[in-house]
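Working notes, structure below.
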Amino acid sequence: VLENDSAKKALSVELKEIQEKQKESDRVKEMCLFREKLPAYKMKSEFLKAVAAHQVLVVSGETGCGKTTQLPQFIIEEEISSLRGSDCNIICTQPRRISAISVAARISNERGENLGETVGYQIRLESKRSEQTRLLFCTTGVLLRKLVQDPSLTGVSHLLVDEIHERGMNEDFLLIILRDLLPKRPDLRLILMSATINADLFSKYFGNAPTIHIPGLTFPVQELFLEDVLEKTRYEVKSEADNFQGYSKRRRQQQESKSDPVTEQFEDADICSVYKSYSASTRQSLEAWSGSETDLGLVEATIEHICRHEAPGAILVFLTGWDEISKLLESVKTNSFLGDPTKFLVLPLHGSMPTINQREIFDRPPIGMRKVVLATNIAESSITIDDVVYVIDCGKAKETSYDALNKLACLLPSWISKASAHQRRGRAGRVQPGVCYRLYPKMVHDAMLQFQLPEILRTPLQELCLQIKSLQLGAIASFLAKALQPPDALSVQNAVELLKTIGALDEAEELTPLGRHLCTLPVEPNIGKMLLMGSIFQCVNPILTIAAALASRSPFVLPINRKQEADEAKRSFAGDSCSDHIALLKAFEGWKDAKRSGNERSFCWENFLSGQTMKMIGDMRLQFLDLLSDIGFVDKSKGANVYNQYSDDMEMVCAVLCAGLYPNVVQCKRRGKRTALYTKEVGKVDIHPASVNAGVHLFPLPYMVYSEKVKTSNVYIRDSTNISDYALLMFGGKLVPSKNGDGIEMLDGYLQFSASKSVMGLIQKLRGEVDRLLKR
Ligand code: ADP
Ligand code: MG
């Protein structure tokens, strides 16, 4: 009997295995059918012929036609069938981490393999690949770092650069390098992939490289503008300041600045004139949407309208950023304006989400349930969700801009381009005819720029300049002059000067030991320097936290109607430190304790903190620790106390902050009972209202360092820390003997310090010692 039983068991196990295999092969078959239906499939042989015949090929096609997932697979299949498989080594770059992972996972799935076998990915601080891997998806940043080690990309047979139409800085930079590399690597194949935008530009840049266009397979999408949307939703734009967040905030700004709100809102003269000519009756509602924030009430009303009156189909909402996404998520959860919450699946999709829940976003929801995806412009072209039938477009995206004259960089929502608007609309017509709800009037659409300005023209260039040096690409200015659209001379000069000021480049524009370390740390130079100094000066724990917070985002949330309480909470974290950075640090430490004792939620709630952001900061600080350990600045095996001798010493922490944030310095000048703040570039500045230092009349110490300067109605410094002149003396810029001979002054003119020769000598020696420590 026993024997019989075990035989039965074995049989049933075997049966199960066979069923599993069957299921798997059914799924792969289904995938095959799916792949064959994609527009890219019809172009397979033409594509492969072109790859064989030309070194450079530009492929354009509507988003979702199969460029990213199919073209690299065609190459693999071709190489394997021609038995050249082992020589085939394909790299495909993605502008964003999230798409590198998601695409690699998708292709593995299509091939019925595990991620990391034939297809793998590598992003900053994380990878999944093996010996077997023939196709590697990586971020453009990762490829640029690979180029440092191996400038000729030995062993790479095909390089595909994806999403070049986005004109990201890294992609534009990579194209310059590749154009120079191609003659030295005649066997390397370069394939540039772009949405149907301006493909000619790239072809010309590569000496009229051949272009293949994959015709799209999309359904018509009806387009509704604000006028129609307001009518359909019967949404009333409220004018009472309290009821309308964005509106009230702008009103406040207007009152502060007393300037014309209309021209303030619209930098773009075209849009401005459109606005002015727009009829007075709709003017009020226009004012409500014209500011920097999306009218979330209108978004809710539109979602509600679709859910009540339109046929089934997923809704994709384009918002400007995480703030808006999380606000809307919260509002859906608490207000449940949709009625029965079990009928809706509301999912966020954002580039800095640690991992995306793949399936939920791409899968069709159960019948009767409506999927609503709240996304940033990441869903515009790199990630395709097939079952979207309705698109709600706020018309904006967060965009960096750089003012070279005032050395000001800001990340603000601004109007998207016509090309982006077209992309967004197309997302609704993947499987059937769809509808696109634009939350702005047609006139604004008509006034939008044709294409967005490339990132290289609207971002500070210091990281790029460091990369040029570490890749040994020669003189910075002449290298950048070879770009598709070269940045202007002043921006380049600012970046080089900044790098000299912080000690990353020497007078001859060559990398210093500090500069070399900064190149290997994939963070902004000032954050990198802060991390290095934090470990040299034995306060690595708090510095890791502050650096991680600066590199991600602020964990402090700003509730609209409880702003005062939120400010109080932040102030109490800061104590008497006069420092937003210390407030960040203490809030994080409080969160960690609360988490350990299991009351994370109430701690976040009471202190107006985002638990999700805290978690991200926690993850990032560990990654930073790994980086420091990789370059030998900490030794993780030695335990936590070794690099933390001064971790509780806030004076030391603030001094290291100064080392990282210099030359972001303002001088605090006493004017009677108040303090006036001055920077060198723009003169008088104000402390941002959200800072713990806002409203402080007198500061104990004579200087302030800050992480960011923003311009709205005034120039504000965000996140500031009050520091002593000693910190600046030790960690600021180059020191020279002062003109009257009785001390030292800093080259940038901020600091004049009277001191005896022996004190000066001592300081120079201490600084020399730090330089020596950086030479490891
Ligand atoms: P393109 O690069 O041309 O925009 P992709 O190759 O990314 O197109 O996608 C082709 C199709 O594959 C999409 O239309 C979508 O249907 C499907 N697809 C891509 N990624 C996924 C995924 N992670 N899950 C499900 N389907 C996907
Ligand atoms: Mg793609």
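Report whether or not GLU324 is at pLDDT below 90, outside any strand (DSSP E or B) and away from ligand 1 (no atom under 14 Å from the Cβ). Answer is yes for this residue. The strands (runs of 3 or more DSSP E) found entirely in segment 363-415 that carry 3 or more residues being within 22 Å of SER194 (Cβ to Cβ) are 388-393, 396-403. Taking each residue of segment 361-388 that is over 15 Å from PRO348 (Cα atoms) and more than 16 Å from ligand 2 (Cβ to nearest atom) and looking for partners that are of a type in the set (Asp, Glu) and part of a loop (DSSP other than H, G, I, E, B) with beta-carbon atoms closer than 7 Å, six or more apart or interchain, yields ARG364/ASP387. On inspection, TYR662 passes the criterion of being touching a residue at least 24 places away in the same chain (Cβ under 8 Å) and under 19 Å from ILE502 (Cα atoms).
Residues in segment 529-583 that are touching a Ser or Thr at 6+ places or on another chain (Cβ under 9 Å) and either free of Cβ contacts under 8 Å to residues at least 60 places away in the same chain or not in a helix (DSSP H, G or I) (or both): GLN538, CYS539, SER552, ARG553, SER554, PRO555, PHE556, VAL557, ILE560, SER577, CYS578, SER579. Among the residues making up segment 389-422, a single one is crowded, with 23+ Cβ neighbours inside 10 Å and within 16 Å of ligand 2 (Cβ to nearest atom): SER420.
Across segment 344-356, a minimum of one residue is classified as within 16 Å of ligand 2 (Cβ to nearest atom), crowded, with 21+ Cβ neighbours inside 10 Å, modelled with pLDDT under 85 and not hydroxyl-bearing (Ser, Thr, Tyr). Considered as a group, the residues in segment 37-92 that are touching a residue at least 60 places away in the same chain (Cβ under 8 Å), part of a helix (DSSP H, G or I) and among the polar types (S, T, N, Q) include one that is nearest to ligand 1 (Cβ to nearest atom), and that residue is THR68. Across segment 202-246, the qualifying residues are those that are surrounded by 13 or more Cβ atoms within 10 Å (Cβ to Cβ), of a type in the set (S, T, N, Q) and at pLDDT 80 or above, and the one among them that is nearest to GLN485 (Cα to Cα) is SER203. If you filter segment 184-196 down to residues that are buried (at least 21 other Cβ atoms within 10 Å of the Cβ) and within 16 Å of ligand 2 (Cβ to nearest atom), you find that the one that is farthest from ARG84 (Cα to Cα) is ALA195.
Scanning segment 126-143 for residues that are of a type in the set (A, V, I, L, M) and surrounded by fewer than 22 Cβ atoms within 10 Å (Cβ to Cβ) turns up nothing.
Among the conditions (1) under 25 Å from the mean Cα position of the chain (by Cα); (2) at pLDDT 95 or above; (3) more than 11 Å from ligand 1 (Cβ to nearest atom); (4) of a type outside the set (Lys, Arg), the only one that ILE107 does not satisfy is (3). Only one of the listed residues (SER691, SER758) is farther than 23 Å from ILE527 by Cα and of a type in the set (Gly, Ala, Ser). That residue is SER758.
Can you spot a residue in segment 20-28 that is hydrophobic (A, V, I, L, M, F, W, C) and under 30 Å from HIS213 (Cα atoms)? Looking for residues that are hydrophobic (A, V, I, L, M, F, W, C) and under 30 Å from HIS213 (Cα atoms), one finds at least one in segment 20-28, hence yes.
Within segment 80-100, restricting attention to residues that are surrounded by fewer than 22 Cβ atoms within 10 Å (Cβ to Cβ), hydrophobic (A, V, I, L, M, F, W, C) and in contact with a strand residue (DSSP E or B) (Cβ under 8 Å, 6 or more places away or on another chain), the residue that is farthest from LEU48 (Cα to Cα) is ILE91. Restricting the search to segment 481-490, which residues are touching a residue at least 24 places away in the same chain (Cβ under 8 Å) and either part of a helix (DSSP H, G or I) or touching an Asp or Glu at 6+ places or on another chain (Cβ under 7 Å) (or both)? Scanning segment 481-490 gives ALA483, LEU484, LEU490. Here's a check for you: in segment 441-476, which residue that is touching a Cys at 6+ places or on another chain (Cβ under 8 Å) and in contact (Cβ under 8 Å) with a residue 60 or more places away in the chain is surrounded by the fewest Cβ atoms within 10 Å (Cβ to Cβ)? Looking at the filtered set, the residue picked out is SER470. Quick one: which residue in LEU657, LEU677, LEU625 is modelled with pLDDT under 95 and either basic (Lys, Arg) or assigned to a helix (DSSP H, G or I) (or both)? Selected residue: LEU625, the only one of LEU657, LEU677, LEU625 that is modelled with pLDDT under 95 and either basic (Lys, Arg) or assigned to a helix (DSSP H, G or I) (or both). Taken together, ASP567, ASP580, ASP593 contain a single residue that is in contact with an Asp or Glu (Cβ under 8 Å, 6 or more places away or on another chain) and charged (D, E, K, R), which is ASP580. Scanning for something within 22 Å of the chain's Cα centre (by Cα), modelled with pLDDT under 90 and within 21 Å of ALA195 (Cβ to Cβ), does segment 422-442 turn up at least one residue? Within segment 422-442, none of the residues are within 22 Å of the chain's Cα centre (by Cα), modelled with pLDDT under 90 and within 21 Å of ALA195 (Cβ to Cβ). The number of residues in segment 110-124 that are touching an Asp or Glu at 6+ places or on another chain (Cβ under 9 Å) and at pLDDT 95 or above comes to 1. The set of residues from segment 493-522 being in a loop (DSSP other than H, G, I, E, B), under 20 Å from LYS407 (Cβ atoms) and among the aliphatic types (A, V, I, L, M) comprises ILE502, ALA504.
The condition of being at pLDDT below 95, in contact with a Ser or Thr (Cβ under 6 Å, 6 or more places away or on another chain) and aliphatic (A, V, I, L, M) holds for LEU449. Across segment 58-104, the qualifying residues are those that are within 25 Å of the chain's Cα centre (by Cα) and of a type in the set (A, V, I, L, M, F, W, C), and the one among them that is nearest to ligand 2 (Cβ to nearest atom) is VAL103. Taking every residue in segment 751-776 that is touching a residue at least 12 places away in the same chain (Cβ under 8 Å) and pairing it with any residue that is surrounded by fewer than 11 Cβ atoms within 10 Å (Cβ to Cβ), at least 6 positions away or on another chain, the pairs with Cβ-Cβ distances below 7 Å are ARG776/GLY632. Screening segment 49-79 for residues that are surrounded by 22 or more Cβ atoms within 10 Å (Cβ to Cβ) and among the small types (Gly, Ala, Ser) and picking the one that is farthest from ASP180 (Cα to Cα) gives GLY64.
The values are calculated or read from the model by the stated rules, or taken from the named source; none is laboratory data. Note that the structure is predicted; figures quoted are calculated from it, not measured. So basically every Cβ, Gly included, is an ideal-geometry build from the backbone, and we count neighbours across all protein chains shown.
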